[in-house]
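Enquirer: One structure, pasted below without further comment.
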Amino acid sequence: MSRRRPRLLSWAQADLAVGGAQLALAAAIALFGALLWPPDPLAGSLLATFRPPGSIAAGLWHPLGTDQIGRDLLARIVAGMRISLAIVLVSGAIGATLGTAAGVISGYAGGWVDAVLMRLVDIQLAVPFILLILLIMAVLGPSTFNLVAVLGVTSWPIYARTARARVLEVREMEYVESARAVGAGLPRILLRHILPNILAPVLVLLTLDLPRLVVMEASVGFLGLGVQPPTPTLGNLIGEGRSYLLNAQWLVIWPGLAISLLVVGFNLLGDWLVRRTDARAT
């Protein structure tokens, strides 16, 4: 065990370095990209349509090329990265909050409350996520608010199960029994003694779930049920460029690489947290 731990930690450090660098780059693009590359992502010119990467058209240099109506692709990817990343992070936070609250209540209360909540989890998990999301978006209509709400609400079951499993262990600990013995109220027990001790696995799960949310957001945008054009997201950029794939491959390649940057970065960060947790447990 002592010989294998340094190797385990070295792989974890590599995951952290590479994943952290990718996410730092994505965050820098989202937060500061518009300052470094100020062209309007919504302004186009018919004199600059379908220009390949590195072209100069309409008085501007276009390092990643232009789209079908002459809009600068780099500016649109910068704006799309900011919007897509915000949607993913907010919806992930909503799902983690709702699921953790449900799991804490289910695990601590037990009885019929636990049975009802866990059956709701089983029912939702039985329906494919992408099918459920597309169905709800088709009923509610495409908008940024609806997309964030749907992605967040449909993500809660996995957090609920993880939180419930951890609460079933923590509620039997001596310090929880001592809190009950001295007359501590239920809110104090849950918030002071149980919740802080179940946050670690929930945070690990969140980092592992964020890549799925990135792909889901991109898939919904690709199908035209997410944020509506001309507002760019990484998914609808690929959806707009698919019709011109044979003549302007850059319209799909660069947004696809941006999605890969987020997915791989979050996956590596999640793997690092898993290895870090396992190393501490041993």
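The values are calculated or read from the model by the stated rules, or taken from the named source; none is laboratory data. A quick note: this is a predicted structure, and the numbers were derived from the prediction, not measured. Cβ atoms come from the backbone with ideal geometry, glycine included; neighbour counts cover every protein chain shown. The accessibility values were calculated without ligands, DNA or RNA, using every heavy atom of the protein model including side chains. Shrake-Rupley method; radii C 1.70, N 1.55, O 1.52, S 1.80 Å.
Enquirer: Name the long-range amide H neighbours of Ser55: under 5 Å, sequence gap of 5 or more, or other chain; modelled H, no Pro or chain starts.
Expert: His62, Gly65
Enquirer: Once the other residues with Cβ under 15 Å from the Cβ of Pro211 are scored (Lys, Arg +1; Asp, Glu -1), what is the net sum?
Expert: In short, -3.
Enquirer: For segment 154-225, give the magnitude of the charge dipole about the Cα centre (Cβ charges: +1 Lys/Arg, -1 Asp/Glu; no others), in debye to the nearest 20.
Expert: The dipole magnitude comes to about 140 debye.
Enquirer: Just to verify a number: FRET efficiency for Ser55 and Leu246, C-beta to C-beta distance, R0 = 25 Å, to 0.05?
Expert: Numbers: r = 18 Å, r/R0 = 0.74.
Working from the Cβ atoms, E equals 0.85.
Enquirer: For segment 96-175, run through the GluC sites (Glu not before Pro) and keep only the ones in DSSP coil with at most 15 other Cβ atoms within 10 Å of their Cβ.
Expert: On the way: sites: Glu169, Glu172, Glu174; in loops: Glu172.
Taking segment 96-175 and a limit of 15 other Cβ atoms within 10 Å, the loop GluC sites (Glu not before Pro) found are Glu172.
Enquirer: Also, quick follow-up: Using every alpha carbon pair in segment 1-102, what percent of pairs falls into each 10 Å bin from 0 up to the bin containing the largest distance?
Expert: Bin by bin from 0 Å, the calculated values are 14, 27, 24, 19, 11, 4, 1.
Enquirer: OK, next. Can you match Kirkwood radius over Cα pairs in Å to one of these, [x] 21.0; [y] 20.1; [z] 23.6, based on a calculation from the structure here?
Expert: Here the calculated entry is [x].
Enquirer: Which one, Leu251, Met118, Leu206, is farthest towards the positive end of the dipole of segment 115-273 when Lys and Arg carry +1 and Asp and Glu -1 on their Cβ?
Expert: Met118
Enquirer: Work out which helices of the chain, taken as complete DSSP H runs, extend at least 15 Å along their axis over the Cα atoms and score a mean Kyte-Doolittle of -1.0 or more, then list them.
Expert: 4-36, 73-109, 111-126, 129-140, 156-170, 199-222, 250-281
Enquirer: I've got another one for you. What does the charge dipole of the chain about its Cα centre add up to, to the nearest 20 debye, if the Cβ of each Lys and Arg holds +1 and the Cβ of each Asp and Glu holds -1?
Expert: 640
Enquirer: What does the extension gain come out to for Thr277 and Ser260, with contour length at 0.36 nm per residue minus their alpha carbon separation?
Expert: Between Thr277 and Ser260, full extension yields 3.6 nm more.
Enquirer: Quick one: how many Å² of Leu223 are accessible to a 1.4 Å probe, rounded to 10?
Expert: Roughly 90 Å² of Leu223 is accessible to a 1.4 Å probe.
Enquirer: Put +1 on the Cβ of every Lys and Arg and -1 on every Asp and Glu Cβ in segment 131-282; which of Met137, Gly241, Leu273 then has its Cα farthest towards the positive end of the dipole?
Expert: Going by the Cα projections, it comes out as Leu273.
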